[in-house]
Amino acid sequence: MNVTETTNLIEVAVAGLPPHDQIKRKERLALLKACEQLKRAIETPFEATQKILFAPHQTAGVRIAVDVKLFDIFATAKETEFYSSELAGKNTVRWLRMFTGMGLLEERPNNKYKASALGLAFASSSPYANAAVFLGKIHEVLAKLPAYLKDTGYRNPVDAFDGPFQSVNATKDHYFTWLQANPEVQRAFNYTMGIPRLSFGEEQWFDFFPVEEKLLSGTSTDTVVLVDIGGGRGHDLREFRDKFHSASGRLILQDLPTVIDDITDQPAGIQLMKHDFFTVQPVKGARAYYLRTVLHDWPDNQARKILEMIRLAMSKDSILLLYEIVVPDAGHSLWAADMDINLMASLAALERTRKQWVDLLDSSGFELKAVWEPKNSALGSGSLLEAVPK
Ligand SMILES: C[S@@+](CC[C@H](N)C(=O)[O-])C[C@H]1O[C@@H](n2cnc3c(N)ncnc32)[C@H](O)[C@@H]1O
């Protein structure tokens, strides 16, 4: 098949594709991979490097669109098209060209624009708008990361209180302490944590972990089934509660006061508890102590302290559940690599390989019993690590 025939074939295929949410997850992921290979095969170095080197410009544009609520106009208005002059407040007209190129806006005749589905993802009501605000602060650190690493001899940052974030912001505060003092970003952070649950067909850990056998058998109304430590707004416990609504036992959500106080919709059947996980765990003998993407926020020193506080509260039947990315030794995703650097910049922390998890658990008095995996893992997929005290 020659190149023109290939192009025609792709155009026909695109026209015939169902919407993404109507394609089977496995097939959709395979197609995405094939498209990525296709692009890599035909892009010139100029086209490929342009995308990489101009990504910060587009990130800045999106953040400005979120700040001036550009996409709210489309999300809330009855009309779907607006003249560029109607969108031109605060200089946004210069950004409209970029948003069109990025596929956030579609150009219509007579200087009109319409938001695409992707553009609407940056309306204020969307969690992705919150992600733009939360990540905006980390982008500031990333912009200065090359200079920071040059100055520090390219050493791996491992001090959560004296890393890139502190250097760039001239502070001694930990990132989470800084967040607490910056409510707009803290709130954006809390809502951003809900994005992985928009899993687009992905299984949650309690779909592939034997919950009945390991957590629910023989429980009474007094049994604490799950303590979700650093559980944010309780996304996971809410879904767990809905799936196992007829089970008896208690579900407890723990997080810092600023996060718990931000939960205005008291979730039925879930006890909210303000708790600093560096202090003595007040809930003793729960079936499971669960931490989702919490330990990846901390270098080994602090992660060991968090684990110690949990271990001291466990009974002989308690288990530890960690939902985290386990970076494979080969074939890791770009997402895992991006997240790893995100953690380096903001928290001097890291995504861990299986060996790093085993070592961390071992040096914290735990034995890794099993790693439970979803059937179709993809961007952002985690694994569930099950561990018990040694
Ligand atoms: C990356 S978020 C993960 C949130 C949630 N587990 C999830 O997966 O959506 C880390 C959480 O740890 C919480 N956290 C940070 N320091 C804490 C501390 N000292 N004690 C309790 N929670 C803390 C943060 O407030 C945040 O909700």
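The values are calculated or read from the model by the stated rules, or taken from the named source; none is laboratory data. All values reported here derive from a predicted model rather than from experimental measurement. Backbone-built Cβ (ideal geometry, glycine too); neighbour counts: all protein chains shown. The area values use the complete protein model at the heavy-atom level, side chains included, leaving out ligands, DNA and RNA. Shrake-Rupley method; radii C 1.70, N 1.55, O 1.52, S 1.80 Å.
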Q: Calculate for the chain the 222 nm mean residue ellipticity that helices alone would give, adding -39,500 (n - 2.57) per DSSP H run of length 4 or more and normalising by residue count, nearest 500 deg cm²/dmol.
A: -13500 deg cm²/dmol
Q) Among the listed pairs LYS150/LYS355; LYS355/LYS390; LYS33/LYS369; LYS172/LYS390; LYS69/LYS137, which are separated by more than 24 Å between their Cα atoms? A) LYS150/LYS355; LYS33/LYS369; LYS172/LYS390
Q.
Over segment 196-389, with the other protein chains present, what is the accessible area per residue in square angstrom, probe 1.4 angstrom?
A. 43 Å²
**Q.** Distance (nanometres) between label positions extended 7 Å along Cα→Cβ at ASP362 and HIS139
**A.** 4.2 nm
Q) Going by a ≥ b ≥ c, the root eigenvalues of the Cα gyration tensor, does segment 196-389 fall in the rounded group (a/c under 1.5), the prolate group (a/b larger than b/c) or the oblate group? A) rounded
Q. Taking H as built 1.01 Å from N, whose amide H comes closer than 5 Å to the amide H of VAL327, not counting residues under 5 places away?
A. ARG352, THR353, ARG354
Q: First compute the accessible area of the chain with a 1.4 Å probe, then give the percent of it belonging to carbon and sulfur atoms.
A: 56 percent
Q: Report the longest stretch of the chain that contains none of the GluC sites (Glu not before Pro) sitting in a DSSP loop with at most 13 other Cβ atoms within 10 Å.
A: 80-390
**Q.** Karplus-derived HN-Hα couplings along segment 311-327 (A = 6.51, B = -1.76, C = 1.60, θ = phi - 60°), whole Hz, x at Gly and Pro
**A.** 4, 5, 8, 7, 9, 5, 9, 6, 10, 10, 10, 10, 9, 8, 6, 10, 5
Q: Apply the Karplus parameterisation 6.51 cos²θ - 1.76 cosθ + 1.60, with θ equal to phi minus 60°, to every residue of segment 53-60 and state each ³J(HN,Hα) to the nearest whole Hz, in sequence, with x for glycine and proline.
A: 6, 9, 4, x, 5, 5, 4, 4
Q: Could you please report the charge total around ASP222, scoring K, R as +1 and D, E as -1 over all other residues with beta-carbon less than 15 angstrom from its beta-carbon?
A: +2
Q | Gap separating the Cα centres of segment 339-355 and segment 1-53, nearest whole Å | A | 31 Å
Q | Accessible surface of THR221 - all protein chains present, 1.4 Å probe, nearest 10 Å² | A | 100 Å²
Q) In segment 1-40, which residues have a backbone nitrogen under 20 Å from the label point lying 7 Å from PHE46's Cα in the Cα-to-Cβ direction? A) 39-40
Q: Read phi for every residue in segment 228-243 and hand back ³J(HN,Hα) as whole Hz from Karplus 6.51 cos²θ - 1.76 cosθ + 1.60, θ = phi - 60°, with x for Gly and Pro.
A: 8, 8, x, x, x, 7, x, 3, 6, 5, 4, 5, 4, 4, 5, 6
Q: Based on the mean of other Cβ atoms within 10 Å per residue, sort peptides 276-288, 310-322 so the most packed one is first.
A: 310-322, 276-288
Q. Tell me, what is the 1.4 Å probe accessible area of SER248, in Å² to the nearest 10?
A. 40 Å²
Q: Quote to one decimal, in nm, the extra length available between GLU106 and GLU86 on full extension: 0.36 nm per residue of separation minus the C-alpha distance between them.
A: 5.7 nm
Q. So what's the angle, to the nearest 10 degrees on a 0 to 90 scale, between helix 183-192 and the longest Cα principal axis of the chain?
A. 90 degrees
Q.
Suppose R0 equals 56 Å. What FRET efficiency, 1/(1 + (r/R0)^6) with r the Cβ-Cβ distance, do SER315 and GLU5 give to the nearest 0.05?
A. 0.25
